[in-house]
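Some notes on the structure that comes next.
The values are calculated or read from the model by the stated rules, or taken from the named source; none is laboratory data. Source: prediction; values computed, not measured. Cβ placement follows ideal geometry from the backbone for every residue including glycine, while neighbour counts extend to all protein chains displayed.
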Amino acid sequence: MHLISLSVLDFRNIATATVDFDAVGTTVITGPNGAGKTNLLEAVGYLGTLRSFRGAPREAMVRQGATTAIVRAEVETGPRSVTIEAELPTEGRARTMVNRQAVRRRSDLHDALRCTVFSPHDITIVQGGPSDRRRFLDETLEIVDPKLARATEDVDRILRQRGALLKNAHRQPATDVDSSLVVWDQRLDDAGTRLVEAREQLLEQLVPRLADQYGRLSRQSPAPSARYQRSWSGRLADALVSHRTVDLARGVTSVGPHRDDVELLIGGLPARTHTSQGEQRSLALALRLAAHQLATERLGEPPILLLDDVFSELDEARRKALMAGLAEGQTLLTTAVPPPPEVTVAEVLEVGPGGVVHAREATP
């Protein structure tokens with residue numbers, strides 16, 4: 001799988017641009033800070049995940065003064081070519097199509113475009129709250145096992161419905177609310193348990209790869225470890241019943257996969273509070289490398305790799321370790337400075353003021 005071309009219209013600060021990519025080499029996207037280099041990566045990432053890897057709302061991805069952004073890509077996957085097109089309006093529903101067929105859920109994109117993203121923002125996986133760590137696991141699940149990843153969408157939908165019921169419970173007869181909660185609790189028990197078990201199995205597979213990647217990056221011991229922490233014990237259905245009074249009072253679901261966390265440890269101590277920022281950055285990068293490695297092993301080929309300004313955060317030894325740990329495949333990277341010598345550049349895209357994109361040949 002590789003990206004052939006990308007066209008964007010009114011996306012972020014880019015009025016219009018169409019670029020082609022080297023099939024298996026490294027495309028370097030360069031330009032001054034603030035020019036819009038990351039916007040090209042964000043456009044590719046959106047087509048693979050239907051969300052911004054920066055965590056931005058949809059309206060933020062539409063160019064100021066425009067009402068709709070359009071992102072289109074040609075992808076070669078195996079013997080066939082696939083066209084993915086997304087329409088992002090500031091109001092109303094977004095629309096995505098693969099070969100002119102509507103995409104109804106993120107997992108439908110698995111065979112069309114898969115990508116792994118590394119960015120300085122990844123340090124929030126270690127420093128941030130539980131939602132950052134859950135999101136990392138769910139993003140990895142979407143790449144390595146889309147069937148199991150559908151449970152994420154099922155859980156999100158069920159939680160929205162159950163939450164709406166809880167918030168409006170005071171307007172309905174208690175018997176109606178109780179009977180409806182029985183239905184939603186069973187659905188959340190089924191989908192939520194399936195999702196959590198998938199997360200736990202994924203984390204178990206990531207830990208040994210995490211230890212290897214962190215050892216290469218930091219050249220330090222002891223090795224990191226990770227533990228999944230459920231927000232309940234026993235059956236989820238029983239926990240939902242026991243928390244029903246609290247849920248009705250607060251108008252939210254207080255237990256479930258949306259309340260779980262992952263504890264990241266180094267030397268048996270929480271990495272979030274007992275390590276330096278350099279160690280945390282190495283750990284976050286090692287997590288992404290472990291996920292990229294697992295996806296490559298599972299799929300038989302590496303996902304398209306998007307590297308957003310990661311070299312500015314790494315010293316020479318870590319840069320070499322990063323590049324040495326990557327499987328061969330297509331890479332798109334942004335940098336405001338010349339890329340390190342470890343990168344073999346196939347082509348260069350220059351992003352200038354106003355998001356204007358120019359292609360030029362790589363210098364030998």
Can you pull out every residue in the stretch 46-101 that is in contact with a Pro (Cβ under 9 Å, 6 or more places away or on another chain) and of a type outside the set (Ser, Thr, Tyr)? 48, 58, 59, 62, 69, 95
Of all residues making up the stretch 1-26, the number that are surrounded by 17 or more Cβ atoms within 10 Å (Cβ to Cβ) and either of a type in the set (A, V, I, L, M, F, W, C) or outside the structural domain of residue 72 (by TED's automatic domain parsing) (or both): 10
From 93, 160, 106, 100, residue being free of Cβ contacts under 8 Å to residues at least 60 places away in the same chain and closer than 15 Å to residue 257 by Cβ: 160
Take the stretch 1-17 and flag every residue that is in a strand (DSSP E or B) and under 13 Å from residue 39 (Cα atoms). 6, 7, 8, 9, 10, 11, 14, 15, 16, 17
When you scan the stretch 275-282, do you find a residue that is surrounded by 18 or more Cβ atoms within 10 Å (Cβ to Cβ), of a type in the set (Val, Ile, Thr) and part of a loop (DSSP other than H, G, I, E, B), even just one? yes
Hey, residue 90 over 24 Å from residue 300 (Cα atoms) and of a type in the set (S, T, N, Q) or not: yes
Tell me which residues, restricted to the stretch 56-82, are of a type outside the set (Lys, Arg), over 27 Å from residue 151 (Cβ atoms), part of a strand (DSSP E or B) and modelled with pLDDT under 95. 76, 81
Members of the stretch 48-90 found to be among the acidic types (Asp, Glu), without any contact (Cβ under 8 Å) to a residue 60 or more places away in the chain and either surrounded by 15 or more Cβ atoms within 10 Å (Cβ to Cβ) or over 20 Å from residue 355 (Cα atoms) (or both), listed by number: 85, 87
